[in-house]
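Trainee: Can you read through this structure? Questions will come right after.
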Amino acid sequence: MQSRRTNARAAKVGPIRSKLISLVIGATAVIGGLLAFASQAYAQIPTGGVPSPMFGVQKFTQPMPRFDLLPRNPVATLNPPPAEQSNQTQQACDPALGGGFGPIEGRPPGSLWAHQGFADFPPQVAVEISTEGAKANTSYNPGVPPQLNSGIDPTLPFPAKFHPGLPVQSPLKVWTFNGTIPPKLVIGRYGEPILFREHNNLPVDAAQNGGFGIHTISTHEHNGHHGAENDGFTGAFFFPNQFYDYHWPIVLAGFRSLNTGATDPKAAAPDDAGGTYRVAGDWHETMSTHWFHDHMFSFTSQNVYKGMAGMFNIYSALDRGNEAIVDGVNLRLPSGSAKSWANLDYDVNLMLADKAWDAQGQLWFNILNTDGFLGDRVTVNMADNPYFEVERRKYRFRILNGAVSRFFKIALSDHSPMIQIANDGNLLPKPVTLTELDEIGIAERYDIVIDFSRYQVNDKVWMVNLTEHLDGTRPNRDVTLAQALAGQSTDPAVGIFLEFRIVRDPPTPDVSQVPTTLIPNPVIGGVSRRRDFKFNTGAVATTTGSTAGAGKWGIDTDGSGVTLDADYGRISAAPNTNARELWTLTNKGGWDHPVHIHFEEGQIQLRNGTSTNVPAWEKGRKDVYRLRPAGSVTLAIQFRDWSGTFMEHCHNTVHEDNAMLLRWDLDPLGFSKLNPLPTPIPTPQGVTFVPPDDILPTAY
Ligand SMILES: [Cu+2]
């Protein structure tokens, strides 16, 4: 209980950065003592707290809701209309935000943060959302009829609860896209640019945060291939009563140099009538399963934990979401066939996240812990330990680890096989059949196919988590399936967490396939340069100011010998446009770090120094790289098509927020070490720019 009081006290501090949180920690020996003890002896989960009260609720007593489809509106519905440059129309600022006047759009002004390629890729679909406090969902659209959504009636208001038997969440505790659950799903396809307009309708008073989270936000479309102005840069955040227009052109990487005439039938997207249309670029770069989430500097863990996470399914001629169309290109993965594309009948998004709640049943987070936060309740699509009804046929599951610090290792309770078809956003070169998936790190996505035709109607089978944590630094061990089923772990998140109920035969035969070849890797030749990034504790802050963070975690770039705290005003790397490079990410300690490199997909060449250590399911394209304790990953990556200010960071978001993050730039023509991209400094009254406060000597 001590920690909860401390949380309340910290909440009064308001918009504090992690350096201030560090000061609070220093004054709170009780918390530090508890955590130190816990990490030695047993799993204290939730981290620094007490077990979540369950109010009599049992596991597998509520249906798992499908994601909530966001409407795809005509662009003309946006008022004001979107523009290439940030809309700097002035409005009065709330006194709590300093008063005066400021721009209605929080995107940094001017040409440097204008939408790249806006004229070439004009938005064709508008997705407009409001980020706000929890409320009942009166417009839930699962995209499938109730019999494919475990019987959930979408016409009934969907309350902001983790279970019907648990309390309604306070609008200060849970902040989500549109303020509602289930989490949101965006549907998109290649060649059809989306304008994603996000309104910030969070409280103007920063102290009104329920004890954690901050009301300034920046939304990262993880791992969109588009300009940095749309990437949710951690220092391009915006304030309550502002909006931010993100332009997602949805293009194949390499479109400026490969297949520029759009003649390749595999570089294509589904039309609405069963056919396809062709697009420029390399079809080997086709992506499928993305997610989007808050990326606020020093507060990503808290804001994502509060609920700012959604998913984005991208459709293509190869992965079109229709299992019945035979055209020699369509891979016919499990999905459905009623619509030309994007059938969700048998294509199911699963967002895993561990949570905790306080004595009142309200979402609880420990802002004082800097090793990583663990909850004791596993939620799927923000529902506590639900069940999901399935037919006797193949299903695709797009599994996202949306946790703060927890890794999961998934098996089925009968140890029957699953077929992994994608890793992160990308279909693998070849499917991999496994009875236990690898540990899925935070922000990784594993797409798998499960064939339920091997079961009988009325059978049940469970998804099981085998990865045990003692604390948030790393997994402690993977238990055996038998141990997990027997409850032989001190980690309450180990064991069964999702129940599949086989309820009927499919109404029509399952014609879906899992081809032996999915998407071969694109060719990355001619590497021009190597860079080294070492992830470690004992980081130091060499800069000060509003762009600098502080914390124990940091990154040593290119053998400088100094592990640096995050500063989004520092340029740590600046590859040349069209360069191909080898990046080695090394874990200097006994922790684990799932490291995310924004914007470009990489291909793992070496794990711990050798190619034979790279497992089959990591042989595709990746955007998150689990380093494992004392481990390393060397990846090949090429930089194309768009420019601006991007990031690389640990996606254990507590590590990220405690300074394990760096900025790298991909400079547009005319920018260089002598003329680098400036750093945006957001305020409610407008964004100003300052020169980078540091440029590493090896950056350019
Ligand atoms: Cu980490």
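The values are calculated or read from the model by the stated rules, or taken from the named source; none is laboratory data. Source: prediction; values computed, not measured. Ideal geometry is used to build each Cβ from the backbone, glycine not excepted, and the neighbour counts take in all protein chains shown. These area figures cover heavy atoms from the full protein model, side chains too; ligands, DNA and RNA do not enter into them. Shrake-Rupley method; radii C 1.70, N 1.55, O 1.52, S 1.80 Å.
Trainee: Here's a check for you: in the stretch 365-398, which residue that is of a type in the set (F, W, Y) and open to solvent by less than 10 Å² (accessible area, probe 1.4 Å) is nearest to D657 (Cα to Cα)?
Mentor: Here the answer is F373.
Trainee: Please enumerate the residues belonging to the stretch 402-434 that are open to solvent by less than 10 Å² (accessible area, probe 1.4 Å) and touching a Phe, Trp or Tyr at 6+ places or on another chain (Cβ under 6 Å).
Mentor: Within the stretch 402-434, V404, S405, Q420, N423 qualify.
Trainee: I've got another one for you. Please verify whether L585 is in contact with a Pro (Cβ under 7 Å, 6 or more places away or on another chain) and under 30 Å from I45 (Cα atoms), treating the condition exactly as stated.
Mentor: No; evaluated as a whole, the condition is false for this residue.
Trainee: Next question. Quick check on my filter: what residues within the stretch 112-128 are surrounded by 22 or more Cβ atoms within 10 Å (Cβ to Cβ) and outside any loop (DSSP other than H, G, I, E, B)?
Mentor: Within the stretch 112-128, W113, V127 meet the criteria.
Trainee: Residue by residue through the stretch 514-564, note down the ones that are assigned to a strand (DSSP E or B) and either of a type in the set (A, V, I, L, M) or farther than 24 Å from D371 by Cβ (or both).
Mentor: R529, R530, R531, D532, V540, A548, I555, L564 - these are the residues of the stretch 514-564 that are assigned to a strand (DSSP E or B) and either of a type in the set (A, V, I, L, M) or farther than 24 Å from D371 by Cβ (or both).
Trainee: Does G495 meet the test of being farther than 30 Å from Y190 by Cβ, crowded, with 22+ Cβ neighbours inside 10 Å and within 23 Å of the chain's Cα centre (by Cα)?
Mentor: Taking the combined requirement at face value, the residue does not satisfy it.
Trainee: Hey, among the residues in the stretch 302-347 that are basic (K, R) and part of a loop (DSSP other than H, G, I, E, B), which one's least open to solvent (accessible area, probe 1.4 Å)?
Mentor: If we take residues in the stretch 302-347 being basic (K, R) and part of a loop (DSSP other than H, G, I, E, B), then R320 is least open to solvent (accessible area, probe 1.4 Å).
Trainee: Could you please find all residues in the stretch 579-596 being open to solvent by less than 30 Å² (accessible area, probe 1.4 Å), of a type in the set (D, E, K, R) and more than 11 Å from the ligand (Cβ to nearest atom)?
Mentor: Scanning the stretch 579-596 gives a single hit, E581.
Trainee: Go through P80, P109, P53, P71 for me and flag whichever is modelled with pLDDT of 95 or more, buried (at least 17 other Cβ atoms within 10 Å of the Cβ) and assigned to a loop (DSSP other than H, G, I, E, B).
Mentor: Selected residue: P109, the only one of P80, P109, P53, P71 that is modelled with pLDDT of 95 or more, buried (at least 17 other Cβ atoms within 10 Å of the Cβ) and assigned to a loop (DSSP other than H, G, I, E, B).
Trainee: Could I ask something else about it? Kindly indicate whether L374 is within 30 Å of P53 (Cβ to Cβ), of a type in the set (A, V, I, L, M) and within 16 Å of the ligand (Cβ to nearest atom).
Mentor: yes
Trainee: Considering only residues that are surrounded by fewer than 24 Cβ atoms within 10 Å (Cβ to Cβ), over 23 Å from the mean Cα position of the chain (by Cα) and not aliphatic (A, V, I, L, M), look in the stretch 277-301 and name the one that is farthest from G620 (Cα to Cα).
Mentor: Restricting to residues being surrounded by fewer than 24 Cβ atoms within 10 Å (Cβ to Cβ), over 23 Å from the mean Cα position of the chain (by Cα) and not aliphatic (A, V, I, L, M), the top hit is Y277.
Trainee: Another question about this same structure. Would you check if E656 is among the charged types (D, E, K, R), in contact with a helix residue (DSSP H, G or I) (Cβ under 8 Å, 6 or more places away or on another chain), in the same structural domain as T584 (by TED's automatic domain parsing) and modelled with pLDDT of 95 or more?
Mentor: yes
Trainee: Which residues, counting only those in the stretch 670-696, are assigned to a loop (DSSP other than H, G, I, E, B) and without any contact (Cβ under 8 Å) to a residue 40 or more places away in the chain?
Mentor: G670, F671, L674, P691
Trainee: It is to be established whether one or more residues within the stretch 230-250 are among the charged types (D, E, K, R), open to solvent by less than 10 Å² (accessible area, probe 1.4 Å) and in a loop (DSSP other than H, G, I, E, B).
Mentor: Checked the stretch 230-250: at least one residue is among the charged types (D, E, K, R), open to solvent by less than 10 Å² (accessible area, probe 1.4 Å) and in a loop (DSSP other than H, G, I, E, B).
Trainee: Which one of these does R189 not meet: (1) open to solvent by 10 Å² or more (accessible area, probe 1.4 Å); (2) under 20 Å from the mean Cα position of the chain (by Cα); (3) under 22 Å from S139 (Cβ atoms); (4) not aromatic (F, W, Y)?
Mentor: Among (1) open to solvent by 10 Å² or more (accessible area, probe 1.4 Å); (2) under 20 Å from the mean Cα position of the chain (by Cα); (3) under 22 Å from S139 (Cβ atoms); (4) not aromatic (F, W, Y), the lone unmet condition for R189 is (3).
Trainee: Can you find a residue in the stretch 599-611 that is closer than 22 Å to S298 by Cβ, within 13 Å of the ligand (Cβ to nearest atom) and open to solvent by less than 50 Å² (accessible area, probe 1.4 Å)?
Mentor: No, the conditions are met nowhere in the stretch 599-611.
Each row is one residue, and each column tells you yes or no for (1) more than 14 Å from the ligand (Cβ to nearest atom); (2) charged (D, E, K, R); (3) more than 20 Å from L585 (Cα to Cα).
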position: G644; (1), (2), (3): yes, no, yes
position: H651; (1), (2), (3): no, no, no
position: M660; (1), (2), (3): no, no, no
position: D665; (1), (2), (3): yes, yes, no
position: S672; (1), (2), (3): yes, no, yes
position: N675; (1), (2), (3): yes, no, yes
position: I681; (1), (2), (3): yes, no, yes
position: V687; (1), (2), (3): yes, no, yes
position: P691; (1), (2), (3): yes, no, yes
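Trainee: Taking into account only those residues within the stretch 615-637 that are open to solvent by 10 Å² or more (accessible area, probe 1.4 Å) and not charged (D, E, K, R), which is nearest to the ligand (Cβ to nearest atom)?
Mentor: Of everything passing the filter in the stretch 615-637, P629 is nearest to the ligand (Cβ to nearest atom).
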